[in-house]
1. Give me the number: length gained by fully extending B:Glu105 to B:Leu216, i.e. 0.36 nm times residue separation minus the C-alpha to C-alpha distance, one decimal in nm.
2. For B:Arg266 and B:Leu181 in one chain, what is 0.36 nm times their gap in residues minus the Cα-Cα distance, to one decimal in nm?
3. Using DSSP loop states and a limit of at most 13 other Cβ atoms within 10 Å to flag GluC sites (Glu not before Pro), what is the longest stretch of chain B containing no flagged site?
4. Write down Rg/Rh for segment A:1-155, rounded to two decimals, with Rg from the C-alpha atoms and Rh from the Kirkwood relation over Cα pairs.
5. Just counting partner chain Cβ atoms within 10 Å, what average do the residues of peptide A:44-57 show around their Cβ?
6. Would you be so kind as to list the residues of segment A:73-90 that have their accessible area lowered by at least 40 Å² in the full protein complex compared with their chain by itself (1.4 Å probe)?
7. Which angle between 0 and 90 degrees, to the nearest 10, do you get for helix B:79-94 versus the longest principal axis of chain B when only C-alpha atoms count?
8. What number comes out for accessible area per residue over chain A if the probe is 1.4 Å? Units Å², please.
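The values are calculated or read from the model by the stated rules, or taken from the named source; none is laboratory data. Here the structure is a predicted model, which is why all the values come from computation and not from measurement. Note: ideal-geometry Cβ built from the backbone for every residue, glycine included; neighbour counts use all protein chains shown. Note: accessible area is taken over every heavy atom of the protein model, side chains too, but ligands, DNA and RNA are not part of it. Shrake-Rupley method; radii C 1.70, N 1.55, O 1.52, S 1.80 Å.
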2 protein chains.
Amino acid sequence: MDERREPTMRDVAALARVSVKTVSRVVNGLPGAGPEVAERVRAAARSLGYRPNLTASSLRRSDKRSATIGVLFEDLSNPFDSALLRAVEDRARQNGVLVLAGSSEDEPHLQRELLESLATRRVDGMVVMAVGGHQDALQQERERGTPMVLVDRPPTFGGTDSVTTTNRDSSREAVLHLAELGHRHIAFLGDRQTLWTSQERYTGYLEGLAHAGLKLREDLVRTDLKGPDAAERATAELLARDPRPTALFTAQNLVTVGAMRVLRARDLHQRVALIGFDDFPLADMLQPAVTVVRQDVPALGRKAAELVFARIEGDTSPPVHAVVPATLVRRGSGEIRP
Amino acid sequence: MDERREPTMRDVAALARVSVKTVSRVVNGLPGAGPEVAERVRAAARSLGYRPNLTASSLRRSDKRSATIGVLFEDLSNPFDSALLRAVEDRARQNGVLVLAGSSEDEPHLQRELLESLATRRVDGMVVMAVGGHQDALQQERERGTPMVLVDRPPTFGGTDSVTTTNRDSSREAVLHLAELGHRHIAFLGDRQTLWTSQERYTGYLEGLAHAGLKLREDLVRTDLKGPDAAERATAELLARDPRPTALFTAQNLVTVGAMRVLRARDLHQRVALIGFDDFPLADMLQPAVTVVRQDVPALGRKAAELVFARIEGDTSPPVHAVVPATLVRRGSGEIRP
DNA sequence: ATGAAAGCGCTAACAT
DNA sequence: ATGTTAGCGCTTTCAT
């Protein structure tokens, strides 16, 4: 385990009795090296345990590529985020690209710091889940020319690609589904309104009510619920309203969890309908199984990665705003009648 | 969004009418720059939008640090892995270090490739969840002097730190818990036996039986279950045995999920006891709530990160094999009597 | 307190 | 087919 110096191209060149440039050619598989010499170089490299230094290479090379992209999500331990990361990673691997990952915690200052850390390391591009209401740092980075794709939430500034889900349409569909079952009092529980997704889902909820000819009851709307605890308190309050809501539309996965806890605690889970936005593991194992709007996370991640790579390759076509369809997965909780 | 060249220290130096070295001093907050000059430099840097190039800096600097570590887990979308990643990330952030993350998929060739990708990028150290039975590539990397810590599974070679859980003891505790309730026929369902964790948990199961004076029924042992589907089939088979097991010990989270599905499908979930290794979201929301052995994932990740950083700093003390205690969380499914 | 020169490990742009 | 020279953006070393 001793710390001997990493061998360099010079070491290999010396051992193979050729110039560094020849080693460079062989290592990179470029033409211009005779088969004999090439073999001698490879042998020398092997015997020294030589490994190319991408840092040095990318510094000198004209395209300056680091074969690394940055991924900046809200919380890498959230199932949605980690599934997305994995999808990006898989696509990146096809290009021989590695992923520098970070969690912004929805904190503007963390987003800014991480952005700077990534820039400092000269990543080739970034896939970012923007902090709600704080895209100025992203815009600045973008204006410097850094290839960037926003996921889950679109840019509030121009000239940048994004990949999002059918938040509004799918939310409307969910609410209409409840209305069709006869629900007249459908509550909305949503995450922070600074998040575009939350706004869209709320709008979809409103559209659903309107299409169904239902009157909006503002006392059945609770937003800015950050985390399951806030969702629990809100659910408890909603259930105290008169008339009591017969169905809940929970617009984010942690909110869904909080609402479920309360329904269960009050033994209302078989009586009050529930549709959640975002699928989650074991949703099908609960009783009743939970009806959800499922995003196509692998598709979101893949598309985002493909867009950054296209931009990295120099694609200058107009910005793309890809929208990946989500699906209503009927499992039971959303099929409870009033 | 135009692609102007990133400003360099030279540009800043020229604008501030000082030498590059002075800019370097100011940028890195080193002494040896008068307050006036320093301010001039900062102003120039700001007006040009200068950002240091860590790639170039780390190439030249004597310690060669990239302020980046590699994290190589089995599957970044697995809740256990992603929670671990997050813990490592949080600890790394305290050191101003970023994380290059990859999934090995438990594939030796992927592990090898990713290892090489990380080495090529000259990460300062690595936190690795070793592919079962294939640690040769890790050993080679380690022998080159790369600071490395194994998590979840210990090294099969010497001179390397590791952080693991009380797999064996906690498994024994789980089995004893079932035995104390009166269970005599306790089945074991485990993941791939190439994984050290699986072996340990199986050994703990055996110890539990032995301590309780129960006879091992080999027909109640199923190993090498990769993923929920394999677990489902195995569970179905086990439930056909005579006498039927009255309790299941499922030694990995996906295995637990598979077993639960079958118990539920046969309406046995209230009659057959179940304890799973690894906690998972919503385990408390199922009926019955699922009794699990919970690992302290944040502690695992933090400890692993701290160990790599110590090694990066040059700590040459003997290898550490930290063991983080897991806890039996009694929720109901493990308290069902035979 | 400041700077000039050299060089990290590699590749670009020319030689030969 | 191979080598030479320069230089990427920065830090080291040694001047001044």
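1. Details: separation 111, 0.36 × 111 = 39.96 nm, distance 3.27 nm.
Gain in length upon complete extension: 36.7 nm.
2. Details: separation 85, 0.36 × 85 = 30.60 nm, distance 2.27 nm.
Length gained between B:Arg266 and B:Leu181: 28.3 nm.
3. Values: sites that count: B:Glu3, B:Glu313.
With a cap of 13 other Cβ atoms within 10 Å, the longest stretch comes to B:4-312.
4. Details: Rg = 20.1 Å, Rh = 18.0 Å.
When Rh is taken as the Kirkwood radius, the ratio is 1.12.
5. Details: counts 0, 0, 0, 0, 0, 3, 0, 5, 3, 6, 6, 11, 6, 2.
Average per residue, whole number: 3.
6. So the qualifying set is A:Leu76, A:Ser77, A:Ser82, A:Arg86, A:Glu89.
7. Between helix and principal axis, roughly 30 degrees.
8. Values: 14080 Å² over 338 residues.
Ligands and nucleic acids excluded, the figure is 42 Å² per residue.
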